[in-house]
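Visitor: Before we start, here is the structure in question, set down as structure tokens.
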Amino acid sequence: MNNKNIKLHNGEISILKFLFALLILAFHLGGFYDKFNYGYIGVEFFFIVSGFFFCKNLLNKKVKDSEIPSTTYEYLKKNFLKFISYYLILYLLAIPISFLIDKFSVIDFVSAFFGLFSLPVPNIKLGIYGITWYINAMILIEFILYPLLLKFKDKIVYIVSPIVIFFSLSFLLINYGIIGDPWQSTTFCFKGIVRALMDINIGIFMYGILDKIKDIKLTEFSRFIITTLEITGYILVAYLSNKHTVVVEFAMLLIIILCLFVTLSEKDYLNEFSNNKFFYYLEKLSLPIYVFQFIFIRLIMYLNIKFTWNLNFTKSFILLVVVSILFGILVLKLFNFFSKHKEQVKEMFIKK
């Protein structure tokens, strides 16, 4: 990434993606220790940020009405190809763990393959493979919204999105009481799809609001205040995620939204500090850390019991983070290698 592109990139979002990926790790590992029961709120952060930049990119895109269907298809194809390599690696790497630890049968492996793509299958057994629900939900909702945003633009941002946010949040709270548990069935889809619909529209509406106030100039004192509140808010989210009362879920969602208003406005002091290649690289690590986390969580917990390591949560988490980062670096290097030698790899399998 050259210096010009770094200036266009929000480095603060980069480091936050990495930190919220770690919060989700803490949530899934915490299931074995009764810790960070509300760490799943980190997924809300990712959905909202995705919705924001999704909207920002589309509203600045000039497309004729006749080109919308083909452009939408290309968008879906691009996203599918972006993640399919991760899905296949996850499926293959998880086979021995699923077979030995989770006692998968052949039928379980077949249903888990459909689970990779969040397809409804009777008696589905997910195991390690259920982690991809977030990516699937994001692709599906953005695919649905893509042509609508291109066609109707401001009507979606300022009218439809607030309505969708209100009714989807009401639906989740009235019927289920909490936002989490993405694989729980609703009348017409998995709960995670409704969650994605709500959060991505929050991001879209957030872009609309920030676009209206982008020219407001803040004093140095105002920037100091909002930066302090922003840092405090993110720390508070991490703190509340380790509490044991359902009330904190809605509070954390609200705090994330308020903090993201500051972060995405790029008017705080952290925006300048975070604008570097290191934070951008940490952002790239957040995807492999998320996708492959259950492989290492299940393996660490299995070895912890088998060899009586007696690891507490803190030691297990540190080990999980180190292993996840090292594996993430390996995956990125592997993808980078294939990207640089794409033509040579093609020639190994396809004769011209």
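Computed from the coordinates by the stated procedures, all read-outs in this text should not be read as laboratory data. Predicted model, so just to flag it, every value in this text is computed and none were measured. With ideal geometry, Cβ positions are generated from the backbone for all residues, glycine too; neighbour counts draw on all protein chains shown.
Visitor: In the range 107-188, which chymotrypsin sites (Phe, Trp or Tyr not before Pro) fall in coil by DSSP and have 14 or fewer other Cβ atoms within 10 Å?
Guide: Trp183, Phe188
Visitor: Follow-up question, since we're still on this one. If each DSSP helix of 4+ residues adds -39,500 (n - 2.57) and the sum is divided by the residues in the chain, what number results at 222 nm, nearest 500 deg cm²/dmol?
Guide: It comes out at -24500 deg cm²/dmol, rounded to the nearest 500.
Visitor: Here's something else I'd like to know. Rounding to the nearest 20 debye, state how big the charge dipole of the chain is about its Cα centre with +1 on each Lys and Arg Cβ and -1 on each Asp and Glu Cβ.
Guide: 940
Visitor: Related question: Can you tell me which of 16-27, 84-95 comes out highest on packing, and rank the rest after it, using the mean Cβ neighbours within 10 Å?
Guide: For the peptides 16-27, 84-95, the packing ranking is 16-27, 84-95.
Visitor: Pick the calculated volume of the Cα convex hull per residue in Å³ for this structure from (i) 148; (ii) 216; (iii) 172?
Guide: Correct label, based on the coordinates given: (iii).
Visitor: Let me ask something else about it. Quick one: Cα convex hull volume of the range 268-340, Å³ per residue?
Guide: Given the Cα convex hull of the range 268-340, per-residue volume reads 115 Å³.
Visitor: Given axes a ≥ b ≥ c from the Cα gyration tensor, I'd like to know whether the range 49-110 is rounded (a/c under 1.5), prolate (a/b larger than b/c) or oblate.
Guide: prolate
Visitor: How high is the relative contact order of the chain? Use alpha-carbon pairs under 8 Å, at least six apart in sequence, and give a whole percent.
Guide: RCO, the chain: 28 percent.
Visitor: Follow-up question, since we're still on this one. On alpha carbon coordinates alone, what is the Rg over Rh value for the range 127-199, Rh being the Kirkwood radius?
Guide: 1.01
Visitor: Is the shape of the range 1-148 best called rounded, prolate or oblate, per the rule: a/c under 1.5 gives rounded, else a/b larger than b/c gives prolate, else oblate, with a ≥ b ≥ c the square roots of the Cα gyration tensor eigenvalues?
Guide: oblate
Visitor: Report the one residue of Pro122, Phe46, Ile144 whose Cα lies farthest in the direction of the positive end of the charge dipole of the range 26-156 (charges on C-beta: Lys and Arg +1, Asp and Glu -1; origin at the Cα centre).
Guide: Final value for the positive-end residue is Ile144.
Visitor: Taking 0.36 nm per residue of separation and subtracting the Cα-Cα distance, what length does fully extending Ser339 through Phe114 add?
Guide: 78.3 nm
Visitor: Just in the range 165-222: which trypsin sites (Lys or Arg not before Pro) are loop by DSSP and have at most 15 other Cβ atoms within 10 Å?
Guide: Here the trypsin sites (Lys or Arg not before Pro) that fit, given the DSSP loop and packing criteria, are Lys214, Lys217.
Visitor: Further question: Among Phe261, Val246, Ile204, pick out the residue whose Cα is farthest towards the positive end of the charge dipole of the chain, where Lys and Arg carry +1 and Asp and Glu carry -1 on C-beta, about the Cα centre.
Guide: Ile204
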